[in-house]
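Shown next, in structure tokens, is the structure this report addresses.
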Amino acid sequence: MMKYFFASILVTTCGLAVAQTPAAGAGAVPASAAGDKPDIKNCYQVVRNDSIRLFYDATYTLTPPACASIRRLTRLTADGNFTGEVRDYWIDENVLALRVRYVDGKAEGLVEQFHRNGKPAFRGPVARGIPTGDWQYWYDTGQPWQVLRFPSEGGFRIVAYWDSTGAQRATEGSGYWEGYSLPNAMTSGDKTWVVHKSAFRFRGPIADGRPNGRWESIETRNGKVFTTENFVQGRFRSGQLATKPRYGSTTLSSPEVVLEVEAPNVPAERFRLGPTCAEREQQQRRREFIDQAELPRHTLEHQAYGGQLMKKILSFSSQAWYAQLPDRTPVVCGIDSLGKVAVVLSASGPLQSVVKDAVLALPDWKPATIKGHYALGGFILWVDRVQERAELNPMISSGPRDAEMLRKYCQAVLDQNTKKVP
């Protein structure tokens, strides 16, 4: 079971103080690494002696008000637990986000969460902080999404499911389900809280509320099938990667399909401190860059392209310069707007010349793009002298897009990734 180290929020007549002593209860604040996260004092406002206003982002990570999405008005006990009714509000929309009641530091009774447009998102009962009974979920359109049942023995079952068009795909625990894994969630069939950030959505048939038959995991970034897996009454039996990996087998020893859910009151109870507003802005810019960027592509798979280059390099394996190479040596290659490898740089002059000649015999690339326009890019060819193979890693930059900058970019990448070799 994952362990958290907590620091209690202590209510005083002067405000709040943070004690760096561990505690095991919900509703306490964890110690954070100094320097890389905001001070907790920037994430709350004292209202009364026993009441405070807390600020969170949309994932319930504590954050300063300037970049917060949710505000919570709550009372705290002397040992730092929530008590009484708690209401959260979406700040920009000024509508209710969450309503829950705490008794003895645990969520108790009905929990309700709402979309930003005010429509209900989740609703269901909890007992001592644990989901129980039937939970209803809705799309932000107001249409029903799913009904989950939490039995007393733990875990959950899918009772009903509707797709985004409103068509019911599962009823009484049988049919078809499709959806996303939730971050920081409770794994189905286990009461252990685990951190799991999935880049996949899952789909497949269910029986008795559990996966049964052939399921698929789909990569959210490109919509491609990542794995196909077989389940019997919720138990994983076998699975395969859809694409052969560069190294190793396609056979899965454990499932990628893991259905997870948690009560909406839980994330706030962890009191996680997030990055500063400035760091959040930088993260957002990086995400936007990733969403808009397209790495350079080639008609050959990366493994095959690297293999062709390595074949040429190995034809010089009897020469002294090859024997003097480190175990792994990077060669940085820049691709121009026409898709040609226009820059080849390496700390080893002979290796650089061999690769430069070898790429001329291979087809051109489709260059990197940002928002559909040419971007500085290329690839790093890692030459493994010991295992006699080459690994190719594509790269992209948002810098100025001219020939001189392409060379400077490649030189900077080389400097970061190599030590000088003969």
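Where a number appears in this text, it was derived from the coordinates with a stated rule and is not lab data. Not measured: the values here are computed from a predicted model. Glycine also receives a Cβ, built like all others from the backbone with ideal geometry; neighbour counts cover every protein chain displayed.
What angle, in degrees between 0 and 90 and rounded to the nearest 10, separates the Cα long axis of helix 403-417 from the longest principal axis of the Cα atoms of the chain?
So the inclination is approximately 70 degrees.
Tell me, what HN-Hα J-couplings in whole Hz come from the Karplus equation 6.51 cos²θ - 1.76 cosθ + 1.60 at θ = phi - 60° for each residue of region 144-156, using x for Gly and Pro?
After applying 6.51 cos²θ - 1.76 cosθ + 1.60, I find x, 10, 7, 10, 10, 10, 10, x, 5, 7, x, x, 7 Hz.
What are the extents of the Cα atoms of the chain along their three principal axes, listed from largest to smallest and rounded to whole Å?
Reported extents, whole Å, longest axis first: 76, 55, 37.
Relative to the first principal axis of the alpha-carbon coordinates of the chain, what is the inclination of helix 302-314, with its axis defined by its Cα atoms, in degrees from 0 to 90 and to the nearest 10?
Orientation of helix 302-314: about 30 degrees from the principal axis.
Determine the gain in length on full extension of the stretch Tyr180-Asp104; use 0.36 nm per residue of separation and subtract their C-alpha separation, reporting nm with one decimal.
24.1 nm
Show me, for region 362-376, the HN-Hα J-couplings you get by feeding each phi into the Karplus relation (A = 6.51, B = -1.76, C = 1.60, θ = phi - 60°), rounded to Hz, glycine and proline as x.
9, x, 5, 9, 8, x, 5, 9, 10, 6, x, 10, 3, 10, 4
Under 11 Å from the Cβ of Asn94, count the other residues' Cβ atoms, weight Lys and Arg +1, Asp and Glu -1, and hand me the total.
With Lys, Arg at +1 and Asp, Glu at -1, the net is 0.
Using Cα-Cα distances under 8 Å and only pairs 6 or more residues apart, what relative contact order does the chain have, in percent?
The normalised contact order for the chain reaches 10 percent.
In square nanometres, what is one fourth of the surface area of the convex hull spanned by the alpha carbons of region 295-417?
6.9
Describe numerically, in nm with one decimal, the distance between label points set 7 Å from Cα along Cα→Cβ at Ser254 and at Glu172.
Between Ser254 and Glu172, the simple spin-label model gives 3.7 nm.
Only Cα pairs within less than 10 Å get springs; with that Gaussian network setup on the chain, which residue of Met310, Met395, Met405 has the largest fluctuation?
So, out of Met310, Met395, Met405, the one fluctuating most is Met405.
If each DSSP helix of 4+ residues adds -39,500 (n - 2.57) and the sum is divided by the residues in the chain, what number results at 222 nm, nearest 500 deg cm²/dmol?
Dividing the helical sum by the residues of the chain leaves -4500 deg cm²/dmol.
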